[in-house]
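S.K.: Pasting in a structure now, in structure tokens, and then I'll have a few things to ask.
Laboratory data are not the source of any read-out in this text; all were calculated from the coordinates shown. Small disclaimer: the values here were computed from a predicted structure and weren't measured. Reconstructed Cβ throughout: ideal geometry from the backbone, glycine too, with neighbour counts over all protein chains shown.
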Amino acid sequence: MTDAPSQLGEFGFAGDDRVVPFQVDGLDVRGRAVQLGPLLNSILSRHDYPPAVARLLAEAISLTVLIGTSLKFEGKFIVQTKSDGPVDLLVCDFTTPENVRAYARFDEERLHAALAAGKSSPPDLLGTGVLAFTIDQGSFMQPYQGIVPLDGSSLEEIAGFYFRQSEQIPTRIRLAVAELFDRDAEGKPRHSWRAGGLVAQFLPEAPERMRQPDLDGGDGSEVQNSEPEDDSWSEARMLVETIDGDELTDPQVGIERLLFRLFHERGVRVYDPQPILDKCSCSREKIKGVLQGFSAEDIADSEENGVISVSCEFCSTTYRYEISEVTSLA
């Protein structure tokens, strides 16, 4: 945490795959920002998604880690889309405090047809459906799920709408993805992905200042708020909206430099970065336990040459079991 001015050479930049919390006291704004590099490449490369699908999933991963790292309990935060488009499912699963995994499901023929017709935007590929935010604090707590419609808006717009409507917190989110082509140290062609994201929220001490003209009185209420937008939030929101996608993904800019560019006139404070890890929660024992709950008929339908093979949709790891391993408790 940078409570005191750093001397020359003392300040360290977060770099890739670390979420940076920040606070702008002059605007009553708090937020988090991130640039993803190696972690993102690791997740996307194991699935070899088409570029259009990879971009969508990269945005969802950025959104997930920005929100997931703000949770103060042990548990999971899951972002999931379910829709009727060529990319009908995105799932990003964040386990506190630092592990993330993700995968996408798509129809190859429909995706090819959409791209051939020039329909490559996220709304075109996702179609209509829902975006769900799930918070799971474990077996002793009831999971909480918030759902917002996929209505043709971008993921960042839909997520911002969720916070305004469900949490009653003025929120602005920016997400960006970049596909890079360069050469490695040996001069060989190299392909990689980068993503970046920032979430800013208006959290003044006086709750009444958070009232915004586009907020209703709560779920199911038709009462509209006619209060003008708070000047501090209006300024912060407009500053965030000036962010260019290249700034969010450029490793030469860095999150700290970007935050300084945005808020230096108001004074921005950054806190210790939180690392994010590409780590799946699957294991041989967990999947074995699931298989042991199958009926004898299901086991027989799943086996091939006396072996059952199960691949994790998130990390693509394949586990193989002898029939005797999964029928011992049946």
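S.K.: Conditions: (1) surrounded by 13 or more Cβ atoms within 10 Å (Cβ to Cβ); (2) in contact (Cβ under 8 Å) with a residue 40 or more places away in the chain; (3) touching a Gly at 6+ places or on another chain (Cβ under 6 Å). Leu155 meets all but one. Number of the miss?
M.R.: (3)
S.K.: Turning to a different aspect of this structure: Go through Gly85, Gly75 for me and flag whichever is touching a residue at least 40 places away in the same chain (Cβ under 8 Å) and either in contact with a His (Cβ under 7 Å, 6 or more places away or on another chain) or surrounded by fewer than 19 Cβ atoms within 10 Å (Cβ to Cβ) (or both).
M.R.: Of Gly85, Gly75, the one residue that is touching a residue at least 40 places away in the same chain (Cβ under 8 Å) and either in contact with a His (Cβ under 7 Å, 6 or more places away or on another chain) or surrounded by fewer than 19 Cβ atoms within 10 Å (Cβ to Cβ) (or both) is Gly75.
S.K.: Whether any residue in segment 283-292 is in a loop (DSSP other than H, G, I, E, B) and either without any contact (Cβ under 8 Å) to a residue 60 or more places away in the chain or not hydrophobic (A, V, I, L, M, F, W, C) (or both) is what I want to check.
M.R.: Yes, some residue in segment 283-292 is in a loop (DSSP other than H, G, I, E, B) and either without any contact (Cβ under 8 Å) to a residue 60 or more places away in the chain or not hydrophobic (A, V, I, L, M, F, W, C) (or both).
S.K.: Of all residues in segment 165-205 being of a type in the set (Asp, Glu) and in contact with a Lys or Arg (Cβ under 6 Å, 6 or more places away or on another chain), which is nearest to Gly31 (Cα to Cα)?
M.R.: Asp182
S.K.: Right, another one. Look through Glu325, Glu313 and report the one residue that is more than 30 Å from Pro170 (Cβ to Cβ), out of contact with any Cys (no Cβ under 7 Å at 6 or more places or on another chain) and not in a loop (DSSP other than H, G, I, E, B).
M.R.: Going through Glu325, Glu313 in turn, just one is more than 30 Å from Pro170 (Cβ to Cβ), out of contact with any Cys (no Cβ under 7 Å at 6 or more places or on another chain) and not in a loop (DSSP other than H, G, I, E, B): Glu325.
S.K.: Give me a count of the residues in segment 34-53 that are of a type outside the set (Lys, Arg) and either more than 20 Å from Leu126 (Cβ to Cβ) or assigned to a loop (DSSP other than H, G, I, E, B) (or both).
M.R.: Going through segment 34-53 one residue at a time, the tally reaches 13.
S.K.: Hey, another quick one. Among the residues in segment 264-280, are any of a type in the set (Phe, Trp, Tyr), assigned to a loop (DSSP other than H, G, I, E, B) and under 26 Å from Ser62 (Cβ atoms)?
M.R.: yes
S.K.: Sticking with this structure for a sec: Take the residues in segment 301-319 that are under 23 Å from Asp278 (Cα atoms) and out of contact with any helix residue (DSSP H, G or I) (no Cβ under 7 Å at 6 or more places or on another chain), then tell me which one is surrounded by the fewest Cβ atoms within 10 Å (Cβ to Cβ).
M.R.: Selected residue: Thr318.
S.K.: Which of (1) surrounded by 19 or more Cβ atoms within 10 Å (Cβ to Cβ); (2) assigned to a strand (DSSP E or B); (3) within 32 Å of the chain's Cα centre (by Cα) does Ala236 not meet, given it meets every other one?
M.R.: Going through (1) surrounded by 19 or more Cβ atoms within 10 Å (Cβ to Cβ); (2) assigned to a strand (DSSP E or B); (3) within 32 Å of the chain's Cα centre (by Cα) one by one, Ala236 breaks only (2).
S.K.: Quickly run through segment 121-141 and pick out the residues that are surrounded by 15 or more Cβ atoms within 10 Å (Cβ to Cβ) and in contact (Cβ under 8 Å) with a residue 60 or more places away in the chain.
M.R.: Pro122, Leu125, Leu126, Phe133, Ile135, Asp136, Gln137
S.K.: Next up: Test of understanding: among Arg101, Arg30, which residue is in contact with a strand residue (DSSP E or B) (Cβ under 8 Å, 6 or more places away or on another chain), basic (Lys, Arg) and surrounded by 22 or more Cβ atoms within 10 Å (Cβ to Cβ)?
M.R.: Result: Arg101 is the single residue among Arg101, Arg30 that is in contact with a strand residue (DSSP E or B) (Cβ under 8 Å, 6 or more places away or on another chain), basic (Lys, Arg) and surrounded by 22 or more Cβ atoms within 10 Å (Cβ to Cβ).
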